[in-house]
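Everything on this sheet refers to the single structure shown next.
The values are calculated or read from the model by the stated rules, or taken from the named source; none is laboratory data. For clarity, every value in this text was computed on a predicted model and none was experimentally measured. In this analysis, Cβ positions are derived from the backbone assuming ideal geometry, glycine residues included, and neighbour counts consider all displayed protein chains. To get the accessible areas, we keep the full protein, side chains included, count just its heavy atoms, and leave off ligands, DNA and RNA. Shrake-Rupley method; radii C 1.70, N 1.55, O 1.52, S 1.80 Å.
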Amino acid sequence: MKAEETVEIDLAGKTSLADTMIIASGRSQRHVGSIADKIIHEMKAKGFGNARVEGMPACDWVLIDAGDILVHIFRPEVRGFYNLEKIWGADRPAGALLAG
């Protein structure tokens, strides 16, 4: 899927929302949507059921809520704006640029 700058954040003990958060970037809205589509189809195919999905119409960001795992896929500018790695105390990949 060629997602870029993928980060996994361990949320166990930090929140009851999920155990793991995965954050990745796509190069464009189309790429973000394609990555999200692939993840959703793979989850269904492997028997994980239907995840809740938000953000697909615009594809600036997509959230896939699979219960114990949250997957965020952003365009780079939007990822820098939300800065989830900082909020959850994780390091961004080396060489990643943050907006602001």
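Numbers below:
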item	result
Calculated from backbone phi, Karplus (6.51, -1.76, 1.60) coupling profile of region 19-24 in Hz, x at Gly/Pro	8, 9, 10, 10, 10, 9
³J(HN,Hα) computed for each position of region 28-35 - Karplus, 6.51 cos²θ - 1.76 cosθ + 1.60, integer Hz, glycine/proline x	8, 4, 4, 5, 4, x, 5, 4
Helix-only [θ]222 nm of the chain, DSSP H runs n ≥ 4, -39500 (n - 2.57) each, per residue, nearest 500	-8000 deg cm²/dmol
Size of charge dipole - the chain - debye, nearest 20, with Cβ of Lys, Arg +1 and Asp, Glu -1, no other charges	260 debye
Spatially proximal aspartates and glutamates relative to K44 (Cα-Cα < 19 Å; intrachain offsets below 8 disregarded)	E54, D65, D68
Of all DSSP beta bridges in the chain, antiparallel share, percent nearest 5	70 percent
Residues of type lysines that K46 reaches as a straight line, Cα spacing below 24 Å, ignoring anything fewer than 8 places off in the same chain	K2, K38
Set of lysines near K86 by C-alpha distance (under 17 Å), chain-local residues within fewer than 8 positions excluded	K14
Neighbour count of at most 12 Cβ within 10 Å plus DSSP loop: longest trypsin sites (Lys or Arg not before Pro)-free window in the chain	47-100
Accessible solvent surface per residue of the chain, calculated while the other protein chains remain in place, 1.4 angstrom probe, Å²	62 Å²
HN-Hα J in Hz across region 51-68 - Karplus 6.51, -1.76, 1.60, θ = phi - 60°, x for Gly and Pro	7, 7, 10, 10, x, 5, x, 8, 6, 6, 8, 9, 10, 10, 9, 9, x, 6
Accessible surface of the chain, 1.4 Å probe, proportion on carbon and sulfur as whole %	53 percent
Stokes-Einstein D for the chain, Kirkwood Rh over Cα pairs, 4 °C, 1.567 mPa s (µm²/s)	95 µm²/s
